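A short worksheet on the structure shown next.
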Amino acid sequence: MGQFWLETLGVAVISIVTALLAWFFLDPLWSLMGLALLLLFIWHHLHQLSRLWHWLEQPIGTPLPAGGGAWEGVFAALHRRARHAAEERSQLSIALERFRHAAQALPDGVVILDANHAIEWFNATAEAHLGLNPIQDIGYPVTNLLREPDFINYIQAGKYAELLVLHPVRNPGRTLALQVVLYGAAQKLLLSRDITQIDKLEVMRRDFVANVSHELKTPLTVVSGFLETLLDGLPELSAEEAQHFLTLARDQALRMQRLIEDLLTLSALESSNPLQSDERVGCADLLAEVADEARAISSGRHRIEVGSAPDYSLLGSRSELRSALGNLVSNAVRYTPEGGVIRIAWQPGADGGAAFSVSDNGVGIESQHLPRLTERFYRVDRGRSRESGGTGLGLAIVKHALTRHQATLEINSELGSGSTFTARFPPQRVAPMVQMVASNLK
Ligand code: ADP
């Protein structure tokens with residue numbers, strides 16, 4: 001800056017001195033020289049000024065023109081400033097980009113709204129949650145796009161401390177929790193979280209409590225009814241009649257006991273840690289045990305066929321495996337009329353694993369019921385299940401116990417012809433018997 005003023009002052013002083021000399025000596029040559037110097041001085045500055053003006057009209061980032069004389073310093077200072085501003089801009093845009101990436105990566109949906117609820121920006125999760133279109137929907141009021149009355153009331157009421165649970169029309173089958181957060185002057189962040197799974201669990205929990213209450217209520221009502229009858233009419237009742245009522249009451253008590261036992265088994269399976277046990281359970285022993293159970297439940301009413309004993313063992317929990325396979329066998333007996341055939345067998349799996357199957361030629365199941373059979377309390381025929389002592393929890397227990405062993409349950413059935421339930425164990429759960437003997441000897 002100093003150089004600029006020095007140069008300007010220098011030229012001005014020379015011009016004035018020349019003009020004074022011209023006036024003093026009345027010499028036209030000096031006058032012309034003074035005038036020429038002044039014009040040169042003015043032209044030089046105007047020329048540099050026009051170059052600066054021209055540069056200012058160019059896009060940001062255009063290199064500065066090289067200045068002559070004192071203007072060199074002015075241009076250099078401007079150049080430094082422009083470079084500094086460009087650096088700041090680029091740092092800002094890097095920070096902004098970083099922020100956008102972070103907001104994009106959020107597992108929750110984020111929509112930025114202006115004071116009039118018009119959409120300014122949203123991340124990919126919000127796009128998926130709310131069915132928004134990044135090309136068409138920017139700038140439009142969010143209430144034009146999400147037209148659910150509950151959402152419009154929520155946005156307009158302004159009670160943003162509360163959450164709104166929404167089943168969006170644009171994303172059927174999902175449940176979202178929405179919340180608005182105020183920031184800045186009058187801007188808003190609309191946050192969305194997918195709570196479909198939590199919602200389903202809540203519905204399941206409610207259904208479960210209702211089902212258990214219902215299952216216990218019926219036998220309890222029967223038991224208290226019989227006790228009432230006995231209390232009121234004991235003197236007049238014959239011994240046979242009393243015995244009859246007491247037997248019926250005991251049956252109902254046993255039903256409740258079975259239900260509680262199954263509930264406890266299920267809850268133990270659900271709440272315990274992933275299976276750690278590597279107990280070696282002999283498949284032949286399991287087969288013999290469940291065959292005995294089938295014979296006991298059948299009491300000679302069915303033909304029980306047992307496949308040959310395999311020479312491998314399963315790695316897992318003996319009690320859980322016993323409970324799962326026992327439930328399959330018990331169902332086969334209970335849903336097969338007298339005279340039917342039940343076949344229990346182990347087969348080697350194609351993948352190196354092993355499969356336990358129970359086939360019957362009983363009542364069979366219509367295909368529409370198959371996907372839901374392992375749900376708690378799901379029964380095809382409620383009456384038949386109860387008559388045969390069912391709790392509606394057997395297959396849920398089977399599924400949980402098998403899942404804990406990375407095993408799957410396959411169900412094939414045809415109404416009126418019978419069913420086959422197959423539990424497939426993966427290769428890592430199956431060990432040859434030789435290894436078992438060897439490890440037991442260690
Ligand atoms: P339940 O205690 O009622 O037997 P489960 O969970 O064991 O409950 O079975 C669910 C339903 O699946 C039963 O109510 C029954 O309708 C059907 N089911 C299970 N096993 C068989 C089978 N072997 N044959 C026909 N239906 C079966």
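Just so you know, all these numbers are worked out from the coordinates, no wet-lab data involved. Keep in mind it's a predicted model, so treat the numbers as computed, not measured. Every residue, glycine as well, gets a Cβ built from its backbone with ideal geometry; the counts of neighbours run over all protein chains shown.
Of note:
- Amide H contacts for G282 (H built 1.01 Å from N in the peptide plane; partners 5 or more residues away or on another chain; cut-off under 5 Å): L314.
- Axis of helix 283-298 versus longest Cα principal axis of the chain: the two differ by about 60°, to the nearest ten degrees.
- Rounded D (µm²/s) - region 192-297, Kirkwood Rh over Cα pairs, Stokes-Einstein at 4 °C, 1.567 mPa s: 70
- All Cα pairs of region 274-441, percent lying beyond 22 Å: 40
- Most mobile listed residue (V209, V74, V358) in the chain, GNM with C-alpha springs under 10 Å: V74
- Computed 3J(HN,Hα) for region 340-352, one whole-Hz value per residue from the Karplus formula 6.51 cos²θ - 1.76 cosθ + 1.60 where θ = phi - 60°, is x, 10, 10, 10, 10, 7, 10, 10, x, x, 5, 8, x, glycine and proline marked x.
- About its Cα centre, the dipole of the chain is roughly 620 debye, where the only charges are +1 on Lys and Arg Cβ and -1 on Asp and Glu Cβ.
- ³J(HN,Hα), Karplus 6.51/-1.76/1.60, whole Hz, each residue of region 267-275, x for Gly, Pro: 5, 5, 5, 6, 8, 6, 5, x, 4
- Simple rule: put +1 on each Lys or Arg Cβ and -1 on each Asp or Glu Cβ in the chain, find the dipole, and look at A118, G326, Q368; the Cα lying farthest toward the positive end is A118.
- Dividing the helix sum by the residues of the chain, where each DSSP H run of 4 or more adds -39500 (n - 2.57), gives a mean residue ellipticity at 222 nm of -18500 deg cm²/dmol.
- Springs between Cα atoms under 10 Å define the GNM used for the chain, and in it the highest mean-square fluctuation of H244, H400, H84 occurs at H84.
- Across all Cα pairs in the chain, the calculated P(r) in 20 Å bins from zero up to the longest distance comes to 16, 26, 23, 14, 9, 7, 4, 1 percent per bin.
- Shape class of region 107-194 from the alpha-carbon gyration tensor: rounded, with the ratio a/c of largest to smallest axis under 1.5.
- Global form of region 2-98, assessed from the alpha-carbon gyration tensor, a/c cut-off 1.5: prolate
- Here r is the Cβ-Cβ distance between L52 and D150 and R0 is 60 Å; the resulting FRET efficiency, rounded to 0.05, is 0.50.
- Rounded to whole numbers, the Karplus 3J(HN,Hα) couplings from phi for region 210-220 are 5, 5, 4, 4, 5, 4, 7, 5, 4, x, 5 Hz, using 6.51 cos²θ - 1.76 cosθ + 1.60 with θ = phi - 60°, and x at Gly and Pro.
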